[in-house]
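Structure record follows, encoded as structure tokens.
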Amino acid sequence: MVSPNLDLRVSMAQVPIIWDKPVANCAILEERLQALQGRTDVVVLPEMFLTGFSMSPEGADFPKGVQVQWMQMMANRLDVLLIGSLKIKENNHFYNRLLAVFPDGKIQTYNKRHLFRMGNEHKFYTSGEKQVIISYKSWNIALYVCYDLRFPVWSRNVGMAYDLAIYVANWPAARAHAWSTLLKARAIENLAYVMGVNRVGKDGNDLIYQGDSSLVSFKGEEIAHLPDQAAIHTLSISKSDLLDFREKFPAYLDADSFSLH
């Protein structure tokens, strides 16, 4: 079988974050991201990339607020799908909300399902209830946030519904081994590319982040890994390679059926 040649250029933006200062972070990112114009299709930013992983209303935005508008402006200017999570307030609830912003300004959102209780996230934010898979340039992309990575049932690629899973994160250096191991596991078990984009630096709680942003192939092989420093890395992934492998090794046909409650 000859598969279509549909490559996707993806960029991992592994950056430090100024604690609860959205305006300052926007200014820095605007300058950093400008070099990507015309050079990529998808840009992925870390979890809460404008505030850090903060349990405070400080720096929160609204569904149509200025931070969301900034993402729309940058997606249009760079002509990319721009992905990253924000602290959003809606109907008197706070959400750790992942936004996928298309070049034309359209937005699809995913509210983080698994809230990190060890950091008291469950006491401040409201959990999401729906899985979200978006389509862009003939690719189906599943959206997840940080702690979701530890829960394989939530990430299960039922019926090969997605080709690429993206996890945005503020994942501390103390648990770096779990981060890299679980990214590979999710790729292998779901026969899909998996990208994890983490931050670097120290946050307002003195937690250290060493990055380790990675892109993993459907075979569980690390295609790219970013060291402990600010970096933006772009590379292409192949849809034809993915489809060919699934045809030759259709393990998903033997997967156990289940339903989520």
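When segment 169-203 is filtered for residues that are within 17 Å of Lys219 (Cβ to Cβ), crowded, with 19+ Cβ neighbours inside 10 Å and small (Gly, Ala, Ser), the ones remaining, listed by number, are Ala187, Ala192, Gly196. If you go through segment 234-261 and keep only what is in contact (Cβ under 8 Å) with a residue 12 or more places away in the chain, surrounded by fewer than 15 Cβ atoms within 10 Å (Cβ to Cβ) and not in a loop (DSSP other than H, G, I, E, B), you end up with Leu235, Ser236, Ser240, Asp244, Glu247, Ala251. Are any of the residues in segment 45-55 surrounded by fewer than 23 Cβ atoms within 10 Å (Cβ to Cβ) and touching a residue at least 12 places away in the same chain (Cβ under 8 Å)? Checked against the condition, which is being surrounded by fewer than 23 Cβ atoms within 10 Å (Cβ to Cβ) and touching a residue at least 12 places away in the same chain (Cβ under 8 Å), segment 45-55 yields at least one hit.
With the condition kept exactly as written, say whether any residue in segment 16-29 is small (Gly, Ala, Ser) and surrounded by fewer than 20 Cβ atoms within 10 Å (Cβ to Cβ).
Yes, there is a match, as at least one residue in segment 16-29 is small (Gly, Ala, Ser) and surrounded by fewer than 20 Cβ atoms within 10 Å (Cβ to Cβ).
The set of residues in segment 11-28 being touching a residue at least 60 places away in the same chain (Cβ under 8 Å), β-branched (Val, Ile, Thr) and under 14 Å from Glu58 (Cβ atoms) consists of Ile17 alone.
Taken together, the values in this text are just the output of simple stated rules run on the coordinates, not laboratory data. These numbers were taken from a predicted model, which means no experiment stands behind them. Cβ atoms come from the backbone with ideal geometry, glycine included; neighbour counts cover every protein chain shown.
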